[in-house]
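The values are calculated or read from the model by the stated rules, or taken from the named source; none is laboratory data. These numbers come from a predicted model, not from an experiment. Because the Cβ atoms are built from the backbone with ideal geometry, glycine has one as well, and the counts that use them run over all protein chains shown.
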Amino acid sequence: MAKGPTPTELLTGLSYKPPEKGWMDVKPDFRPGTYCNPAAPKWMEWLSYPFPDKRSIPDNEWALPENWKEIVLEGMEDRLKRFRSLKVFFDICVRCGACADKCHFFLGTGDPKNMPVLRAELLRSVYRRYFKKIGRVLGEIAGARDLTEDVIKEWFFYLYQCTICRRCSLFCPYGIDMAEMTLLGRELLASIGLNIDWALASVGQCYDKGSHIGATPQAFKDMVDFLAEENERITGINTMPPINRKGAEILFVMPSGDYFADPGTFTMMGYMLLFKYLDLDYTLSTYAAEGGNFGWFVSHEMGKRLNAKIYHEAQRLGVKWILGGECGHMWRVCNQYMSTWWGPVDFLEKPVSPITGTHFENASVHKMVHISEFTADLIHHGKLNLDPQRNAHIKMTFHDSCNTARGMGILEEPRYIINNVLPEGNFIEMPPNTIREKAFCCGSSSGINANENMELRMQGGFPRANAVRFVHDKYGVNHLGCICALDRATLPTLLQYWVPEVEVTGITELVGNALIFPDELERTTDLRDRDLVGFGELAEEAGEEEE
Ligand code: SF4
Ligand code: SF4
């Protein structure tokens, strides 16, 4: 973090002491480092979002439209009709508090409004006031409050301090889904012109150029060429992938983070090596060059607009099914929303692995298979010749990404792969209450991985980093693995702050390291150009130890 508190200062300032005033009387503290910048008008205009304007949070220039209150209440009424779940979630909470200490933002900030139960109450109190008789009559006594500009400011602050990770829902006896409420609350904010810049700029870039990072099709092709050259330099294998090839069996879609920035690029190199090894009949696409979907962080409608490209491209290219890379929210969207948005995907076939013949029954509706499912199946059928010693310099723990783990149940596949590509004993789990379904979020997902809210991100990511710190200190773990591109973008910053000794890696990168091609060059480095054990500096170190 360029400016802002050091880790020690952040922890020293952390307190869980309840505030002296009631929650309705405490206003959010818009301190630099703790909130996201409002969206620039240019992106709002580009995406046809209402009420584009220059807004400045510190200057208190929110530029709300005149009839903002009417718009929000009508929007809430509309969503209460369309999303039965919202009404149920508003009505059934019994304030048991089981969720209270389960949110990483509460644990990292100590702010009671980051307790999921209270975050929901920010919205629920307005619902009670305008849509429930008891709230209309008894007001504050019934937990109801008027919708005011201060309430809107509070929503903006706290709904962008929720990464829609759903950890709290896991502990709620009623399964109340805070993520759904946050998303619908964000939609209401957007209806009066309040969006955050980082998310909307990414959506706008995706809409405009084809990927969140604004890479054009030509830039995508250049990056892929470069990574293929890197693979060839290190392994001697030509992994240049086909692009926009009609009639391929499989369309492979990856998040743009995997071809744009380290360490995602090493995962991309791993995909390309794996597919070359299998001689897979696949293609990449310059049109569907973004599997990620920041649109979903903004609204259901925008999520659908961005997602459209994947199916359209699969149809245009005439593939049989879709294989997807290591991404989290891409999978939440594809697995849980895509077939509802688009209906039956009749033009694709139920995915069958051409190498093992496995029928992926779990993908029979949306016709997309996750690379971890695909690779675990290959290893299970003995189709990969792997040398785990090539990853002997890596002692790793695994971060379950919220969307793949809690959202899709992909828990065993990455672990199975890891255990087959690392030497025995090199995989260490973090404490049980921080992994699998109970995994702590990276603290920067759902479109809030901006730079201006870095203090908040480091606070929200603290529980995750703390568990990494534990296995680093106790077992010498030096890598944190994950199967999500957003995690590969956010975790390096988080670990640099809290546990700088640990690096972040994708899992297919490790597969690429371990794969033995019959005609490859002798491998002396991994895909990051680091010496393998027994070569270069690591060989010298081993020699010195023996002496
Ligand atoms: S960030 Fe996660 S745990 Fe916290 S309120 Fe949101 S969904 Fe729940
Ligand atoms: S655990 Fe569920 S019922 Fe209990 S306070 Fe939290 S949201 Fe309400």
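Here is a check on your reading of the model: is Leu378 surrounded by 15 or more Cβ atoms within 10 Å (Cβ to Cβ) and in contact with a strand residue (DSSP E or B) (Cβ under 8 Å, 6 or more places away or on another chain)? Here the answer is no, as Leu378 does not meet what is asked. When we screen Arg457, Arg436 for residues that are among the basic types (Lys, Arg), within 16 Å of ligand 1 (Cβ to nearest atom) and farther than 24 Å from Gly303 by Cβ, the only hit is Arg436.
Does Lys102 qualify as being in contact with a Leu (Cβ under 6 Å, 6 or more places away or on another chain) and within 16 Å of ligand 2 (Cβ to nearest atom)? Considered against the rule, which asks whether it is in contact with a Leu (Cβ under 6 Å, 6 or more places away or on another chain) and within 16 Å of ligand 2 (Cβ to nearest atom), Lys102 comes out as no. Being under 30 Å from Ile192 (Cα atoms), surrounded by fewer than 24 Cβ atoms within 10 Å (Cβ to Cβ) and assigned by TED's automatic domain parsing to the domain that holds His399 is the requirement here; does Ser353 meet it? Considered against the rule, which asks whether it is under 30 Å from Ile192 (Cα atoms), surrounded by fewer than 24 Cβ atoms within 10 Å (Cβ to Cβ) and assigned by TED's automatic domain parsing to the domain that holds His399, Ser353 comes out as no. In the range 29-49, the condition of being over 30 Å from Pro500 (Cβ atoms), more than 28 Å from the chain's Cα centre (by Cα) and not polar (S, T, N, Q) is met by no residue. Scanning the range 461-473 for residues that are surrounded by 20 or more Cβ atoms within 10 Å (Cβ to Cβ) and more than 16 Å from ligand 1 (Cβ to nearest atom) gives Val468, Val471, His472.
Here the condition is being within 16 Å of ligand 2 (Cβ to nearest atom), aliphatic (A, V, I, L, M) and crowded, with 20+ Cβ neighbours inside 10 Å; of Met272, Met181, Met268, it holds for Met181 alone. The condition of being within 16 Å of ligand 2 (Cβ to nearest atom) and at negative phi holds for only one of Leu47, Leu86, Leu73, that being Leu86.
With the requirement that a residue be surrounded by fewer than 24 Cβ atoms within 10 Å (Cβ to Cβ) and aliphatic (A, V, I, L, M), what does the range 311-331 give you? Steps first, please.
Within the range 311-331, the first condition is being surrounded by fewer than 24 Cβ atoms within 10 Å (Cβ to Cβ), and the residues that meet it are 311-318, 320-321.
Residues satisfying the conditions are Ala314, Leu317.
To keep it simple, each residue is scored yes or no on (1) crowded, with 20+ Cβ neighbours inside 10 Å; (2) in contact (Cβ under 8 Å) with a residue 40 or more places away in the chain.
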site	(1), (2)
Arg436	no, no
Ser446	yes, yes
Gln459	yes, yes
Gln496	no, no
Arg528	no, yes
Asp531	no, yes
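Please find, among Glu437, Glu413, Glu509, Glu429, the residue that is assigned to a loop (DSSP other than H, G, I, E, B), more than 14 Å from the chain's Cα centre (by Cα) and charged (D, E, K, R). Before the answer, list the steps.
On the way: Glu437 fails: assigned to a loop (DSSP other than H, G, I, E, B); Glu413 fails: assigned to a loop (DSSP other than H, G, I, E, B); Glu509 fails: assigned to a loop (DSSP other than H, G, I, E, B).
Answer to the check: Glu429.
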